[in-house]
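Have a look at the structure below, then the notes.
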Amino acid sequence: MSRRIVLSVAAGVVVLGGAGAFALAYAGDQPPALAHSTARYTAPAGDRDGSLTFTTDVTASSDVKSVKVLAWPANSSFAKKGLTAKEMAAAESAVCKSSGGDVERCTYKVAVTRADAAESPRGLWHVAVLATDKDGDTTLDTKAADFTV
């Protein structure tokens, strides 16, 4: 092999290695990402409570610290003023379990009594989610999933 080819190959390896290191460093600085978010509402029936179940997959390179969940009616004051991370910090927590690699499956489930259902506005509801990783990076999605009451 000629010296020119060897130097070209060596330079290419250095450039690709540097690009790979940059990509890994950049990937480590990403805030948590939400995917596959779903909400399922079941109304109370007979003597049985209903439920609201919300599930999402959270990807965080520095592990998930917390996932806060808040269901809110689409015609509430939040629709006009929006939800903030500060307001979401007081919301209830989802339970998260590792599902491989940097991904955790987080689930929030709450019983819905007849009294809860009677007092709840009818119509479209949204589920807001605040995910925080162990580095303190956050992701707020105020309409991660929808359901109807």
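The values are calculated or read from the model by the stated rules, or taken from the named source; none is laboratory data. What you are looking at is a predicted structure, and each value in this text was computed from that prediction instead of being measured. Backbone-built Cβ (ideal geometry, glycine too); neighbour counts: all protein chains shown. SASA here: full protein model, heavy atoms, side chains in, ligands and nucleic acids out. Shrake-Rupley method; radii C 1.70, N 1.55, O 1.52, S 1.80 Å.
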Going 7 Å from the Cα of Asp49 along its beta-carbon direction, which residues of segment 104-119 have the amide nitrogen within less than 19 Å of the resulting point? 107-119
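So for each of 120-133, 42-55 I average, over its residues, the number of other beta carbons within 10 Å; can you give me the resulting order with the highest mean first? Intermediate results must be reported in sequence, preceding the final value.
Working: 120-133: 19.3, 42-55: 14.0.
Highest to lowest by the protection proxy: 120-133, 42-55.
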With all protein chains present, segment 54-149 has a carbon and sulfur share of its accessible area (1.4 Å probe) in percent of 50
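Report the gain in length on full extension from Asp63 to Lys97: 0.36 nm times residue separation, minus Cα-Cα distance, nm rounded to one decimal. Numbers along the way, then the final one.
Numbers: separation 34, 0.36 × 34 = 12.24 nm, distance 1.08 nm.
Difference between extended and current length: 11.2 nm.
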Listed by chain and number, the residues whose amide H is under 5 Å from that of Ala145, excluding neighbours fewer than 5 places away on the same chain and using placed H, are Val127
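Of the peptides 139-147, 90-98, how do they stack up when ordered by the mean number of other Cβ atoms within 10 Å, highest first? Could you put the intermediate results ahead of the total?
On the way: 139-147: 18.0, 90-98: 13.9.
Ranked from most to least packed, the peptides come out as 139-147, 90-98.
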At Ala74 and Ala117, where each label point lies 7 Å from the Cα along Cα→Cβ, what is the point-to-point distance in nanometres? 2.1
Diffing segment 102-112: the Karplus 3J(HN,Hα) column from phi (6.51, -1.76, 1.60, θ = phi - 60°), in whole Hz with x for Gly and Pro, holds 8, 9, 10, 8, 10, 10, 10, 9, 9, 6, 10
Taking a probe of 1.4 Å, how large is the accessible area per residue of segment 59-149, in Å²? 56
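Order Tyr41, Tyr108 by their accessible area, 1.4 angstrom probe, all chains in place, largest first. All intermediate terms of the calculation are to be shown ahead of the outcome.
Values: Tyr41 55, Tyr108 25 Å².
These residues rank, largest area first, as Tyr41, Tyr108.
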